[in-house]
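The values are calculated or read from the model by the stated rules, or taken from the named source; none is laboratory data. Since we're looking at a predicted model, the values are computed, not measured. When we count neighbours, we look across all protein chains shown, and the Cβ atoms used for this are built from the backbone with ideal geometry, even at glycine.
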């Protein structure tokens, strides 16, 4: 990996997962790579979407020169799967977002296997494997200080072209990688056995009464952290500036005033309605409009919630109530 980083740093901005205190997040590196790079451990704090959809950007300024070429190392499968719905939103004609498109085209994604799980990881519940299966250019698995790279796209092949000492995987290597993947998948399936699947969750939400939403909404402080950290949430504001410039700024459906319109009308003024709206959007409305799932089970929304709200506990309670009837 050092040889790959040294060669690529002359042409690309390289981001790697680095552990700082108790958290893992991406860090821009140069020829001197940090010694604390973390491989195969879920998951960076920053969701992958922020590389393609910045928190704030001017969408009326002409781009100067070619888009920056990035390499993002260690992208977990939950974030790679989230690109499905982002691509549907921003790359479907005739409404193609040129800023998003340029960043996607100029980024090499090196996805990583997860050899461990965190408390709130639940990707397999929604059909996402804990290893790259889609939207990646190269997959990476580091076992016993040995890096296994697998090319998955023309972009990935071009990036690794000229790298010396590359050897094909042996049957033993393939079996080792496969066994690691299955072990992680089995742990996730066992840990989340009571959690309903994606479609079932949507039905449970649609058929639920208001009492459970009032119960969980009491702890919500409308900070918007759950939506900001979510790899699939993409609501934004367009702010007008003098000179016909526009600033696109990521927004959050949990903010008071998110749905307020002219004359002060606001159908989400009530906290409980606003709280439930997020789950209706992710599990019901987006599944009706798009082919892709709007939650990939990363668990970041649970981990970042100031009020300590665990959506998985909510869904298990919904499912248990239905079983008890």
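Tabulated values for the structure
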read-out	value
Test: residue in the stretch 191-211 that is surrounded by 12 or more Cβ atoms within 10 Å (Cβ to Cβ), free of Cβ contacts under 8 Å to residues at least 12 places away in the same chain and within 25 Å of residue 292 (Cβ to Cβ)	yes
Residue match in the stretch 126-133 (condition: closer than 30 Å to residue 271 by Cβ and assigned to a helix (DSSP H, G or I))	yes
Only one of 268, 280 that is farther than 23 Å from residue 76 by Cβ and touching a residue at least 60 places away in the same chain (Cβ under 8 Å)	280
3 or more residues outside the structural domain of residue 114 (by TED's automatic domain parsing), under 30 Å from residue 99 (Cβ atoms) and modelled with pLDDT of 95 or more: qualifying helices (runs of 4 or more DSSP H) within the stretch 142-255	225-229
Conditions (1) in contact (Cβ under 8 Å) with a residue 12 or more places away in the chain; (2) in contact with a helix residue (DSSP H, G or I) (Cβ under 8 Å, 6 or more places away or on another chain): number failed by residue 96	(1)
Selection status of residue 136, under 23 Å from residue 41 (Cα atoms), modelled with pLDDT of 85 or more and in a loop (DSSP other than H, G, I, E, B)	yes
Some residue of the stretch 294-304 being out of contact with any strand residue (DSSP E or B) (no Cβ under 7 Å at 6 or more places or on another chain), at positive phi and touching a residue at least 60 places away in the same chain (Cβ under 8 Å)	yes
Which numbered condition residue 136 fails, given (1) surrounded by fewer than 12 Cβ atoms within 10 Å (Cβ to Cβ); (2) within 25 Å of residue 286 (Cα to Cα); (3) not assigned by TED's automatic domain parsing to the domain that holds residue 277	(1)
Filter pass, residue 233 being under 19 Å from residue 128 (Cα atoms) and in contact with a strand residue (DSSP E or B) (Cβ under 9 Å, 6 or more places away or on another chain)	yes
Matching option when the condition is surrounded by fewer than 20 Cβ atoms within 10 Å (Cβ to Cβ), modelled with pLDDT under 95 and under 29 Å from residue 129 (Cα atoms), among 56, 19	19
